[in-house]
Amino acid sequence: MSLAALQARNPTLDPARLEIGQHVEIPMPDSEQPGPSFKIVPDSEMVFGPGAMDFDIHGFVESEGGYLAAYDQNVDGRERSGAGIVELVSQRYSVNPRLLLAVLEYTGGWVTDRSPSAFRQGFPIVYLSGRDGLYRQLTWAANELNRGFYSWRAGGSDYWTFSDGSAVRAGPGINAGTAAVQQLMAQLYSRGEWERAVGEQGLSATYEAFFGYPFDWAFEPLVPSDLTQPELRLPFENGHTWYFTGGPHGAWDTGSAWGALDFAPGSVPLGCSSSSDWVVAAAPGLIVRSDEGAVVQDLDGDGHEQTGWVVFYMHIASDNRVPFGKYLQAGDRLGHPSCEGGVSTGTHLHIARKFNGEWITADGALPFTIGGWISAGMGREYDGTLSRGSSRMEACECRASSNAITP
């Protein structure tokens, strides 16, 4: 976006100075021709949802016999195979593994090529300083896919910006899954290359060669329009005061829906300290993942993270953490808050929801309702409120009576 275009839209704008909180209108790019309307994948093939439930990532990767099949890398202190890294990124970002594999093949040939170039061995998707290796490459790509998907869902983006600063309006009629791919490819290619990548002979053709016509995998509606949230209690023990420290923000990394809320216990000083407080189950359900700070609870009873309602609890300490396969009732203990897993500068609980693999926003049409408190956003990540009846509190990275909450 040029300075001249900003000044034309904002005549009183001082080009040499911006004030904190100053309102600036950003004009839409003037693009003669919108992008393609070709639909690449259904929404359900973007998320780690019902269609991915029975997909054998390891078996598929091994059958293709490419560089990915022989690859291994240490991630978070654990040696993982190439297929294991695809699986890990799919789970963490809730992005469909088939789509990640198609991206890896289209950009770097890793799935079928046994000996990609030396450059592509380090950077299978994109050159980014300090982000070599499969895990860093895939997490970057998954985050960009999520950014396109959830921005489109929220109505916050209808154009794509390329690395040279030029932009193109999104084609009419595309879906969120297609928006996700278009967003990712805009970060990788110039306009002409992007047109090919998001057209019929681009990523779509790679996907179809591997898995068949993508819309044959469609699961619709992914999130029904009349969906309601099951009853959730506050995720800490009765009589124990915690603090509402984070309003709606990214459920995982910066690109996902603003689906998470943060709560900190009152029993420890600020920073990363051990806590004797317990995080408890917000609802009845089966623990389907418990590892590296994360606990995932399936509420529909089928034992799969990819289907129905799921509650995601993050930064749960390894000591006394609930094991995989245990069924909990609402209020049962599942572990202690900590800084483990993800990125954290202070002991707290990060809690989010998914339905059919899609992160559910905490500041949208279906807000978090937890212990009778209803979440709302304030237009900026981490800024938000909880309301119950006539009571209202605002998130604060502090411990004060104004953000204290006790079940």
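Does Gly331 meet the test of being part of a loop (DSSP other than H, G, I, E, B), in contact with a strand residue (DSSP E or B) (Cβ under 9 Å, 6 or more places away or on another chain) and without any contact (Cβ under 8 Å) to a residue 40 or more places away in the chain?
It is false that Gly331 is part of a loop (DSSP other than H, G, I, E, B), in contact with a strand residue (DSSP E or B) (Cβ under 9 Å, 6 or more places away or on another chain) and without any contact (Cβ under 8 Å) to a residue 40 or more places away in the chain.
What number of residues within the stretch 73-90 are in contact with a helix residue (DSSP H, G or I) (Cβ under 7 Å, 6 or more places away or on another chain), closer than 19 Å to Arg131 by Cβ and surrounded by fewer than 21 Cβ atoms within 10 Å (Cβ to Cβ)? Show your work before the answer.
If we filter the stretch 73-90 for residues that are in contact with a helix residue (DSSP H, G or I) (Cβ under 7 Å, 6 or more places away or on another chain), which is where we start, we get 73, 75, 80, 82-83, 85-87, 89-90.
Narrowing the set further to residues that are closer than 19 Å to Arg131 by Cβ leaves 73, 75, 80, 82, 85-86, 89-90.
Going one step further and asking which of them are surrounded by fewer than 21 Cβ atoms within 10 Å (Cβ to Cβ), we end up with 73, 75, 80.
So the count comes out to 3.
Do the conditions hold for Val322, that is, is it among the aliphatic types (A, V, I, L, M) and either outside any strand (DSSP E or B) or modelled with pLDDT under 95 (or both)? Full working, then the answer.
Numbers: among the aliphatic types (A, V, I, L, M): yes; either outside any strand (DSSP E or B) or modelled with pLDDT under 95 (or both): yes.
When the stated conditions are applied, Val322 passes them.
Per-residue answers, yes or no, for (1) part of a strand (DSSP E or B); (2) at pLDDT below 95; (3) not hydrophobic (A, V, I, L, M, F, W, C):
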site	(1), (2), (3)
His240	no, no, yes
Pro248	yes, no, yes
Ser256	no, no, yes
Ser267	no, yes, yes
Ile287	yes, no, no
Val296	yes, no, no
Asp302	no, no, yes
Gln306	no, no, yes
Tyr313	yes, no, yes
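Would you confirm, using the coordinates I've provided, whether Asp383 is surrounded by 18 or more Cβ atoms within 10 Å (Cβ to Cβ), closer than 27 Å to Gly255 by Cβ and charged (D, E, K, R)?
Working: surrounded by 18 or more Cβ atoms within 10 Å (Cβ to Cβ): no; closer than 27 Å to Gly255 by Cβ: yes; charged (D, E, K, R): yes.
No, not satisfied.
Looking at the stretch 350-371, is at least one residue hydroxyl-bearing (Ser, Thr, Tyr), within 22 Å of Asp298 (Cβ to Cβ) and in contact with an Asp or Glu (Cβ under 9 Å, 6 or more places away or on another chain)? Please lay out each step first, then the result.
Of the residues in the stretch 350-371, the ones hydroxyl-bearing (Ser, Thr, Tyr) are 361, 369.
Then drop every residue that is not within 22 Å of Asp298 (Cβ to Cβ), which leaves 361, 369.
Cutting the leftovers down to in contact with an Asp or Glu (Cβ under 9 Å, 6 or more places away or on another chain) gives us 369.
Taking every residue of the stretch 350-371 in turn, at least one turns out to be hydroxyl-bearing (Ser, Thr, Tyr), within 22 Å of Asp298 (Cβ to Cβ) and in contact with an Asp or Glu (Cβ under 9 Å, 6 or more places away or on another chain).
Name the pairs: first residue in the stretch 134-152 and farther than 23 Å from Pro172 by Cβ, second residue surrounded by fewer than 24 Cβ atoms within 10 Å (Cβ to Cβ) and charged (D, E, K, R), Cβ to Cβ under 7 Å, at least 6 apart or on different chains?
Taking only residues 6 or more apart or on different chains, the pairs are Gln137/Arg131; Trp140/Arg131; Asn143/Asp253.
Can you name the number of the only condition in (1) more than 20 Å from Leu334 (Cα to Cα); (2) assigned by TED's automatic domain parsing to the domain that holds Ile351; (3) more than 17 Å from the chain's Cα centre (by Cα) that Ala264 fails?
Every listed condition holds for Ala264 apart from (1).
Identify, please: which residue in the stretch 120-133 is touching a residue at least 24 places away in the same chain (Cβ under 8 Å) and either surrounded by fewer than 20 Cβ atoms within 10 Å (Cβ to Cβ) or small (Gly, Ala, Ser) (or both) and is, among those, nearest to Val86 (Cα to Cα)?
Out of the qualifying residues, it is Gly133.
Starting from the stretch 44-65, take each residue that is without any contact (Cβ under 8 Å) to a residue 24 or more places away in the chain and list its partners that are part of a helix (DSSP H, G or I) and of a type in the set (Gly, Ala, Ser), counting only C-beta distances under 6 angstrom and pairs at least six apart or across chains.
Sorted first by the residue in the stretch 44-65, then by its partner, the pairs are Glu62/Ala69.
Out of (1) in contact (Cβ under 8 Å) with a residue 24 or more places away in the chain; (2) loosely packed, with under 15 Cβ neighbours inside 10 Å, the odd one out for His23 is which?
With respect to (1) in contact (Cβ under 8 Å) with a residue 24 or more places away in the chain; (2) loosely packed, with under 15 Cβ neighbours inside 10 Å, His23 is out only on (1).
Considering every residue within the stretch 199-213, establish whether at least one is touching a Phe, Trp or Tyr at 6+ places or on another chain (Cβ under 8 Å), buried (at least 24 other Cβ atoms within 10 Å of the Cβ) and at negative phi.
Within the stretch 199-213, one or more residues are touching a Phe, Trp or Tyr at 6+ places or on another chain (Cβ under 8 Å), buried (at least 24 other Cβ atoms within 10 Å of the Cβ) and at negative phi.
Please tell me if Gly271 is of a type outside the set (Asp, Glu), out of contact with any Leu (no Cβ under 6 Å at 6 or more places or on another chain) and in a loop (DSSP other than H, G, I, E, B).
Working: of a type outside the set (Asp, Glu): yes; out of contact with any Leu (no Cβ under 6 Å at 6 or more places or on another chain): yes; in a loop (DSSP other than H, G, I, E, B): yes.
Considered against the rule, which asks whether it is of a type outside the set (Asp, Glu), out of contact with any Leu (no Cβ under 6 Å at 6 or more places or on another chain) and in a loop (DSSP other than H, G, I, E, B), Gly271 comes out as yes.
Filtering the stretch 35-83 down to residues that are of a type in the set (Lys, Arg) and either assigned to a strand (DSSP E or B) or touching a Cys at 6+ places or on another chain (Cβ under 6 Å) (or both), which residue is nearest to Asn96 (Cα to Cα)?
Here is the first cut: in the stretch 35-83, the ones of a type in the set (Lys, Arg) are 39, 78, 80.
Next, from what is left, pick out any that are either assigned to a strand (DSSP E or B) or touching a Cys at 6+ places or on another chain (Cβ under 6 Å) (or both): 78, 80.
Numbers: Arg78: 23, Arg80: 19 Å.
If we take residues in the stretch 35-83 being of a type in the set (Lys, Arg) and either assigned to a strand (DSSP E or B) or touching a Cys at 6+ places or on another chain (Cβ under 6 Å) (or both), then Arg80 is nearest to Asn96 (Cα to Cα).
May I ask you to list pairs of residues, at least six apart or on different chains, whose Cβ atoms are under 6 Å apart, with the first in the stretch 292-304 being buried (at least 18 other Cβ atoms within 10 Å of the Cβ) and the second being of a type in the set (Ser, Thr, Tyr)?
Val295/Tyr313
Going by the structure shown, is Phe149 buried (at least 24 other Cβ atoms within 10 Å of the Cβ) and modelled with pLDDT of 95 or more? Walk me through how you get there before you give the answer.
Numbers: buried (at least 24 other Cβ atoms within 10 Å of the Cβ): yes; modelled with pLDDT of 95 or more: yes.
Here the answer is yes, as Phe149 does meet what is asked.
The values are calculated or read from the model by the stated rules, or taken from the named source; none is laboratory data. As the structure is a computational prediction, the values presented were derived from the model and not from experiment. All Cβ positions, even for glycine, are placed from backbone atoms using ideal geometry, and neighbour counts span all protein chains on display.
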